[in-house]
Amino acid sequence: MNRLIRSSALTWAFGYVLLGIAALAAFAVPLWYAWNVTIFAGREEILRDDAQRLTEVFAHEGVAGLTAHINARVGLQIAGERTLLLTDGAYRPLAGNLSAWPRGVPAGIGMHAVMADLAGQPTHTLLVQTTFPGGYHLLVGRDLSRFLPLERRFTWGLFGAVTFLFVVGVGGAILMRRRLLARVQGIRQTVSAIMQGDLRHRLPTAKSDDEFDTLSQTLNGMLDHIEHLIRGISNVSNSIAHDLRTPLAELRSRLEELATTRPPAAETFAEIDAAVADVDRVMRIFSALLRLAEIDSGARRSGFVRVDAAAVAAEVVEFYEPAAEQKGVLFSFHSAGEAAVAGDPVLLAQAVSNLIDNSLKSVAERGAISVRVGRRADGAVEIAVADDGPGIADADKPKATERFFRGDTSRGTPGVGLGLSIVDAVAKLHGGVLQLLDNHPGLLAQMVLPVTAARSSR
């Protein structure tokens, strides 16, 4: 019972019921007030007109004429239609349908609402009193209870509307609560399964595009991302253990051999240089992982500024030109003009550097690498690096951006398998995507930043 009382659905429903009753009262109260004022004012005006006409009869025909006129009107009117009484100075009745002067009506001209004895029945009557010369008194009145049936119907109608609103509100609240509890129960079961470690569960959706479906879809997207991150962490942990074991094992072997054999100085220094190279490799792995963690956290997004992607790519190309020339690679750069985006220039330069570095490692001597920056038809900025190397097999392309993944074509080249992972993370941080396509021959890597990212910088 307490849970039912504390139900949000019932609270909302009762709130709407009270709001409906308040709106109904805001409509009914002024209407009731206007009705009473209008009816009362109308009665008062009619009574004063009647009193004025009878005053004119008295002025022209005297007491006898007024007495005859009143008796004639009483005989012709519907019983109880009007209350008429003419008395002398001692308040003794001379004509009319009241047997005596009503109690509670003081002497003097004015209007009074009193209980009068009309045809033996106490009647709530509104009376207008007029005094004539000679001490004669005239009362003209109307029964105030004449409109009571109409007022009673209005009151019952208002009560019925409030009752109907209350019943419908409570019934709707109960149905709403059942529906909400059914949806919440489905969410609770899914969350409980996820808390127990089963990340495959997703929140149910009713395909009605209501608020719960929108919330479920948003949370399912978050769960997909969390599952992807957890699997990525698991894969990274395994890959780190595998990739660090080799350089660390080699480092230990070299140092152990140096300590055991005590070789000549020249050979010792050569082994030390190799050990330093192993340490550098380990440091590069950790540096790349730290950079990926920083990108995944989204912390760099707060420092986005207006960046010309073409200018950033041109600087990176200029940096790699000596290495390409030394290898005899045909290195070209094409730009269609300014390509402004909102982003981090350091991360964009890192991504372009990784793509060019991968191409330089994969192409043969006298090969070709081209870098192109421009806008697509939809306004998105595209940074593309193409080469004529061995490329990436179609089966490996979906896994190429996974951390520490190295395909068959890249196993003979230096690296730790984090280059494309960083490029993919940078593209996602900027709201874009990394596309790996065939260049026939070679690889075409395209980093596409959507039009929203470009417009946000303007």
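The values are calculated or read from the model by the stated rules, or taken from the named source; none is laboratory data. Computed from a prediction, not measured in an experiment: that's the story for all the values here. Methodologically, a virtual Cβ is constructed for each residue, glycine included, from the backbone with ideal geometry; neighbour enumeration extends over all protein chains shown. Quick note on the areas: whole protein, heavy atoms, side chains included, nothing else; ligands and nucleic acids left out. Shrake-Rupley method; radii C 1.70, N 1.55, O 1.52, S 1.80 Å.
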Rounded if a/c under 1.5, otherwise prolate or oblate - region 2-151, Cα gyration tensor axes: prolate
Residue-by-residue Karplus 3J(HN,Hα) for region 378-393, coefficients 6.51, -1.76, 1.60, Hz, glycine and proline x: 8, x, 5, 8, 10, 10, 10, 10, 10, 9, 10, x, x, x, 10, 4
Amide H contacts under 5 Å for Leu118, placed H, 5+ residues apart: Thr123
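Suppose R0 equals 25 Å. What FRET efficiency, 1/(1 + (r/R0)^6) with r the Cβ-Cβ distance, do Arg153 and Ala22 give to the nearest 0.05? Please list the in-between numbers first.
On the way: r = 23 Å, r/R0 = 0.91.
Calculated value: 0.65.
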Phi-based couplings in Hz for region 88-105 (Karplus 6.51, -1.76, 1.60; Gly and Pro marked x): 8, x, 9, 6, 8, x, 10, 7, x, 10, 9, 7, 7, 5, x, 5, x, 9
Nearby aspartates and glutamates by direct alpha-carbon distance to Lys397 (threshold 20 angstrom, same-chain neighbours under 8 apart not counted): Asp357, Glu382, Asp387, Asp388, Asp408, Asp424, Asp438
Placed amide H near Ala368: partners under 5 Å, 5+ positions off or other chain: Leu330, Asp388
Gap separating the Cα centres of region 311-373 and region 128-185, nearest whole Å: 83
Computed E for Ala314/Arg366 - FRET, C-beta separation, R0 30 angstrom, nearest 0.05: 0.80
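Keeping the other protein chains in place, figure out the carbon and sulfur percent of the accessible area of region 301-456, with a 1.4 Å probe. Numbers along the way, then the final one.
Details: 3730 of 7200 Å².
About 52 percent, which is the carbon plus sulfur part of the accessible surface.
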Ala113 long-range amide H proximity, modeled H, under 5 Å: Leu127
Residues Leu219 and Leu330, FRET efficiency given R0 of 41 Å [Cβ-Cβ distance, rounded to 0.05]: 0.20
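Using a ≥ b ≥ c from the Cα gyration tensor of region 47-112 (square roots of the eigenvalues), is it rounded, prolate or oblate, where a/c under 1.5 gives rounded and otherwise the larger of a/b and b/c decides, a/b for prolate? Provide the component values of the computation, followed by the final result.
Numbers: a/c = 1.34, a/b = 1.15, b/c = 1.17.
Because its axes are fairly even, with a/c under 1.5, region 47-112 counts as rounded.
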Simple label model, 7 Å out from Cα along Cβ direction - Gln52 to Gln189, nm: 8.1
